[in-house]
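Reading through the structure tokens given below for one structure.
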Amino acid sequence: DHTPNGHIVNHMVDCVDLKDSDTWAAIEATKLGVPVPTLNAALEARYFSVMKDDRVEASYILKSPTDTPVIFKDQAVDDLQKAIYCTIITAYAEGISILLAASEVESWDANITECLRIWNHPGSFLVSNMLNKIMSACEKENFKHLLIDEEISAKLNELQMSWRRMPALAFCYGIPCPTFCASLTYYDSYRMKIMPIRLLRAQRDFFGGHGYERFDRDGYFSSCWTRDHTMQKKKRAAAEALEKEMADVQNERKRREKKDLS
């Protein structure tokens, strides 16, 4: 739609209110240990949206990039459409993963295909041809995860370079695109045989002596990462840090109780 001053979307207030139900999926995913970065990113974008005054103030301090690349409009539009398609597929994959995990934990024996059929019922805001394709994937006897369905994965493999170009372009122009980035991270994390999270294990062993396993040996290991780094020192430092943290929590609780009494 247009107005005398351009597209109407450019005149809409950039704030979206939140309801309790908007957080349900993220909360349940956390409880179940199911990664849903795309759903979380969409929720966090709404958190940012209501920080209008903060964003306006920050806009005068934190500058946008000025040395931006030249783009070809037709390719950018085509890439955008394909990136949106891939992102929506990933969001559905995350949502279905929550349902499957909850069904297993709660012994629901949920019929995911029937859930999708209800979502795709005329009158639902989710009605789409894409949902029909997702239903077809979930109906298969060996269905495990939406992203590795033969037809879905072939489409994602075909479109992934457009999907990757959009966040890169958005970053160059200083435009936030949280769900594009999060969905692509989900895709890359799910398909990655060996993740770079090994660095996190090394860091945890460095500061807390948490130890690690290895591919080439059986057992559990811990390393002395500096000259004066010994297992005893690491464990003692970790214990002292935990003790201090517990003391801080108790002091804060006492402070609040004292404040309430006064």
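The values are calculated or read from the model by the stated rules, or taken from the named source; none is laboratory data. Quick caveat, the model's predicted, so the values are computed rather than measured. Please note: Cβ atoms are built from the backbone with ideal geometry, for glycine as well, and neighbour counts cover all protein chains shown. Ligands, DNA and RNA are stripped out before the accessible areas are found, and what is left, the full protein with its side chains, is counted by its heavy atoms. Shrake-Rupley method; radii C 1.70, N 1.55, O 1.52, S 1.80 Å.
The set of residues from segment 39-59 being out of contact with any Leu (no Cβ under 9 Å at 6 or more places or on another chain) and within 14 Å of G95 (Cβ to Cβ) comprises L39, N40, A41, A42.
Regarding D20, is this residue among the charged types (D, E, K, R) and open to solvent by 70 Å² or more (accessible area, probe 1.4 Å)? For D20, the condition - among the charged types (D, E, K, R) and open to solvent by 70 Å² or more (accessible area, probe 1.4 Å) - is met.
The number of residues in segment 214-241 being hydrophobic (A, V, I, L, M, F, W, C) and open to solvent by 100 Å² or more (accessible area, probe 1.4 Å) comes to 2. Exactly one residue out of T68, T87 is outside any helix (DSSP H, G or I), hydroxyl-bearing (S, T, Y) and either modelled with pLDDT of 95 or more or farther than 21 Å from T179 by Cβ (or both), and it is T68. Whether a residue is modelled with pLDDT under 95, open to solvent by 80 Å² or more (accessible area, probe 1.4 Å) and out of contact with any Ser or Thr (no Cβ under 7 Å at 6 or more places or on another chain) was assessed, and D53 does not pass this test.
Sub-7 Å Cβ pairs linking a first residue in segment 184-205 that is within 30 Å of R236 (Cβ to Cβ) and touching a residue at least 40 places away in the same chain (Cβ under 8 Å) to a second residue that is of a type in the set (D, E) and surrounded by 13 or more Cβ atoms within 10 Å (Cβ to Cβ), at least 6 apart or interchain, number zero.
Inclusion of L18 among residues that are of a type outside the set (K, R), in contact with a Phe, Trp or Tyr (Cβ under 9 Å, 6 or more places away or on another chain) and in a loop (DSSP other than H, G, I, E, B) is warranted. Checked against (1) open to solvent by 70 Å² or more (accessible area, probe 1.4 Å); (2) in contact (Cβ under 8 Å) with a residue 24 or more places away in the chain, D78 meets all criteria but (1).
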